[in-house]
Amino acid sequence: MDNQGWLYKRGHFRQSWKRRYFVVDPIKHTLCYYPLPPEEGERSGKVVKALGNIDLTNSSVIVEKDPSFPENCFILKTPSRDYYISAADPFKMNTWISVLRLNSKLGTLVKNVSSSSPDKPQPQKDEQYTLSFKLAADKMLKSLSDKAQSSRASLEDVATTKYEIKCQLKKYLAAVKTQRTESESKLKILRDQETDAHQKLDSINTLIVTLDKYLQASRYLQRQTLSVFSLGKNMQTAVRTLKDMVISRKTAEIPKELSQGYLDLLAECFPAEKLRAKMDESTSYLDVLVFYGRYYDGIHLPKHVKLEPAKSQRLEIWRKLVASVNGIKKTCQLLSELTVIEKEILMAITPIVATRSRPMSMCDPDDEEDGARLQVEKKENARNAQLHVTDSFDKSLSAASMGLSFYKSEWQGIAQVIDALRKLRDREKEQSQKLDDALHSRELLASFSSKASPSTSRVAPEQKVPTQRPEIGDDQPENR
């Protein structure tokens, strides 16, 4: 990773922003800034003097969120003063923050290593810096390699366990789909039964209405027959009166089958020869009783259809219809619960892809957003660290919260597997973050270690900052 480039720096007194070329010395852990790149001055034969030399030991970097400052601005805090620096884009800002923080840590380690052996003879200045840096870098590299190896091993274990759990969930999913197919087939049969029951019920209701209308008309004919014969008229007049009554009302109230049967029975019981022979005689009650008996037995109600059996049949159809409706309701509830279970299993097997957060080494603990995220991840890590000894169950996966009643016992086993998979994903996320941090820090450290040699120890030689005539608007006010 490059340790030099253009940035914008705010002056200490006049607080105007100037473009400066910054160079990090990975051996001495200092940050120098120039008006031009030193290599460009060497090519033109001019000596480019450093405008400032900042010791990164015991320094810190925070991101500035104040809208009055330029975008991608951060603050380099040192024991002597604070430096306000702005980058061209967020990527460069994060890269410089990582470089400065790593040099701050390395500078502190070098200082501790150098002060831990005061009795040993001190080598020359450049060799001392190189030796201290290499000791600190080797120690840090070993620690980062161990962390990376541990994270990789943990990720392999998590991947193996996740595969086994996913296979188990896929078996559950296959069983749920099979049960769902059976429930859908059963629902189709129940709906067909419901449709058939409705059709039969409509048919029997129509029949009952027809029979009721037939009975009312038949009772009307009975009453009229008794009324006419009881008047004491001669038989011919009585029969003619009954025939005229039926013919005049048959289209309005009396069914055709009933009127035709009644007229045929009148013609059969009271033929024309008999009426002519007894033209002057009054009505014979014996003949009336015979007519009335034959009418009640043969015409009052059709022999092939009875009203009471029809009502009993309607009651039986109603019972079947109610059973079909209840079965449909229960099957729909079963399908709804199976849909919920299937959805949860699919979400567990194929989780939503989240954006990968940047490594911890590029996060700012003093920044509000990064600080909040670090606190949340710290709590999650503390909780995930106890997954192997805790039997906590996610309450959101309980049968009551999901509205399950028929598959409550089956869901408890599936929910435990899903909960274990979620915890494994949390652990995987934690280990992936640790691995990213270790690899990112090791990459930075390796890039600095490659420069830790006597030939490169003078990348940014320490120079005295000019004091006679500093640049106006950068660090000092103009002498007026």
* Qualifying chymotrypsin sites (Phe, Trp or Tyr not before Pro) for segment 199-253 [loop in DSSP, other Cβ within 10 Å: at most 10] -> none
* Stretch gain in nm, segment residue 443-residue 276, where the contour uses 0.36 nm per residue and the Cα spacing is subtracted -> 46.9 nm
* Using the per-residue mean of other Cβ atoms lying within 10 Å as a proxy for protection, in what order, highest first, do the peptides 180-186, 101-107 fall? -> 101-107, 180-186
* Structure fact -> Quick calc, residue 332 & residue 202: beta-carbon distance into FRET formula, R0 25 Å, rounding 0.05, result 0.55
* Structure fact -> When every protein chain stays in place and a 1.4 Å probe is rolled, 213, 18, 28 sorted by accessible area with the largest first are 213, 18, 28
* Structure fact -> Surpassing 25 Å at the alpha-carbon level, of the pairs 147/171; 142/434; 9/65; 166/343, are 147/171
* Structure fact -> Over its alpha-carbon atoms, segment 25-108 yields an Rg and a Dmax in Å of 14.0, 42
* Per residue, how many Å² of accessible area does segment 4-88 show with a 1.4 Å probe? -> 48
* Structure fact -> Ranking 96, 411 from most to least accessible area with a 1.4 Å probe gives 96, 411
* Asked: Between residue 223 and residue 68, what length in nm is gained on full extension when 0.36 nm per residue of separation is reduced by their alpha carbon distance?
  -> 45.1 nm
* Asked: Just by accessible area at a 1.4 angstrom probe, what is the order of 97, 247 from largest to smallest?
  -> 247, 97
* **Positive-end residue, segment 4-88 charge dipole about Cα centroid, Cβ charges, pick of 38, 11, 76** => 11
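The values are calculated or read from the model by the stated rules, or taken from the named source; none is laboratory data. Quick caveat: nothing in here was measured; it's all calculated off a predicted structure. A quick note on method: Cβ atoms are made from the backbone with ideal geometry, for glycine too, and the neighbour counts reach across all protein chains shown. Only protein heavy atoms, including side chains, enter the accessible area calculation; ligands, DNA and RNA are left aside. Shrake-Rupley method; radii C 1.70, N 1.55, O 1.52, S 1.80 Å.
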